[in-house]
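Asker: Just dropping this structure here.
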């Protein structure tokens, strides 16, 4: 299965993400923390925390996406190129938010 994602620039926002409609941003953050806790790490409270510095890898993102899909009861539609622009905790939250509104 191929998943696709498209990100746009909207109103000066380089990631171009809207508002989360199905799973609240706080819940996605909580799930992100659960993924990190399972790896023996903790999620910082600062949305500007760099993913490399906190050890959040692509496999962790995949686990988070699966958890969000399970909670939504639907698949998120994305592709790999959009993932390259994600560098911080806030970017992950914005990215998931955008996927739900697409």
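The values are calculated or read from the model by the stated rules, or taken from the named source; none is laboratory data. Since the structure is predicted, the reported quantities are computational estimates derived from the model, not experimental observations. Virtual Cβ from ideal backbone geometry, glycine too; neighbours counted across all protein chains shown.
Asker: Pick from 60, 91, 46, 74: which is without any contact (Cβ under 8 Å) to a residue 60 or more places away in the chain, at negative phi and in a helix (DSSP H, G or I)?
Answerer: Testing whether each residue is without any contact (Cβ under 8 Å) to a residue 60 or more places away in the chain, at negative phi and in a helix (DSSP H, G or I) leaves just 60.
Asker: Given the condition crowded, with 18+ Cβ neighbours inside 10 Å and out of contact with any helix residue (DSSP H, G or I) (no Cβ under 6 Å at 6 or more places or on another chain), answer yes or no: does some residue in segment 37-53 qualify?
Answerer: No, there is no match, as no residue in segment 37-53 is crowded, with 18+ Cβ neighbours inside 10 Å and out of contact with any helix residue (DSSP H, G or I) (no Cβ under 6 Å at 6 or more places or on another chain).
Asker: I'd like the residue in segment 77-88 that is in contact (Cβ under 8 Å) with a residue 24 or more places away in the chain and outside any helix (DSSP H, G or I) and, out of all such residues, is nearest to residue 45 (Cα to Cα).
Answerer: 88
Asker: Inside segment 26-49, can you point out the residues that are farther than 21 Å from residue 66 by Cβ and under 13 Å from the mean Cα position of the chain (by Cα)?
Answerer: Correct list: 47 only.
Asker: If we keep just the residues of segment 66-87 that are crowded, with 18+ Cβ neighbours inside 10 Å and modelled with pLDDT of 80 or more, which is farthest from residue 53 (Cα to Cα)?
Answerer: Only one residue tops the list, namely 76.
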